[in-house]
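Contents: one structure, followed by commentary.
The values are calculated or read from the model by the stated rules, or taken from the named source; none is laboratory data. The shown structure was predicted, so the numbers you read here are calculated from the model rather than taken from an experiment. No Cβ is skipped: glycine too gets one built from the backbone with ideal geometry, and neighbour counts run over all protein chains shown.
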Amino acid sequence: MGRLMSLLNKWRQSAFVHHFSTPWIAEQARKHAATIKGRPVRILDIGLGWARDMLAIRAACAGMELELYGIESQPYCVENAKKEGIDAFPLDIERESIPMDDEFFDIVTSNHVIEHTKELFWIFSEISRVLARGGVAMIGCPNLGSWHNRAALLLGQQPPGMKTLGPHVRGITKPAFKQFIECESFFKLEAYRGSNFYPFPGGKLNYAFSAMLPTLCASHHFMIRRTTKPGTFIEVLDSGVAGITDTPYHRGPVMAEV
């Protein structure tokens, strides 16, 4: 049993790189960047980390003029990003406004970040504000609907992707995210990709099963487009969704009275 568990863990580690779909994100960013003419393409990564996705985007967009920005809570990651020519800064994305003008960015990415957050309405409201109309955002997160999470529930166990004693506070399936992001028509889901099909190791077999059964993968990624609708996503909280007022979601910084 010990050898079997060791082998499964080795396979899992070999497939871990597929968890983030960085090449897919870079390609989607390249396609949209190519439509921007006459000025630099402005790109923001929320939850920049070690800038893996941003550096891949820069490589994919070789020859294009880019302005790269990142939000990151870890000081050493901020310093690393600055060395790479990325304008990175710390920010509490669940409580603070992104310090940029409306419709400033053409592309926003956030890869395996939102599962750690409660304030999705505020986060996507800020994305809807700073993303240009017609701009795109690539959002990645663990898949609550993956086969191994479903199997755990069937056996009466907590899904591995959303452990009670763990870092994730959000569990997201494709249908639920589509319903959420398209509510009140501020965004439109345009592309979807599943990645990292457990327990197959990294390589052709993992890619094949991920392509055939994307909604059963361990991770999934969404490309959403900002529509031309005025306003911001925070308005969804007042749209009459049943039961939504039972939770006191953050609506933005409280302005001090004069």
What is the number of the single condition among (1) polar (S, T, N, Q); (2) closer than 29 Å to Pro248 by Cα; (3) outside any strand (DSSP E or B) that Asn80 does not meet? (2)
Kindly indicate whether Arg133 is over 14 Å from the mean Cα position of the chain (by Cα) and under 23 Å from Glu27 (Cβ atoms). yes
I want to confirm something. Restricting to the range 225-258 and keeping residues that are charged (D, E, K, R) and part of a loop (DSSP other than H, G, I, E, B), which single residue is surrounded by the most Cβ atoms within 10 Å (Cβ to Cβ)? Lys229
Condition check for Phe222: of a type in the set (A, V, I, L, M, F, W, C), at pLDDT 90 or above, within 26 Å of Pro159 (Cα to Cα) and not in a helix (DSSP H, G or I): yes
Considering the range 106-147 alone, what residues qualify as being of a type in the set (Phe, Trp, Tyr), over 28 Å from Leu213 (Cα atoms) and buried (at least 22 other Cβ atoms within 10 Å of the Cβ)? Trp122
Verdict on Asn196 being at positive phi and either surrounded by 17 or more Cβ atoms within 10 Å (Cβ to Cβ) or out of contact with any Phe, Trp or Tyr (no Cβ under 6 Å at 6 or more places or on another chain) (or both): yes
Name the pairs whose Cβ atoms lie under 6 Å apart, with the first residue in the range 165-184 and closer than 18 Å to Leu213 by Cβ, the second part of a helix (DSSP H, G or I), and 6 or more positions between them or separate chains? Lys174/Thr215
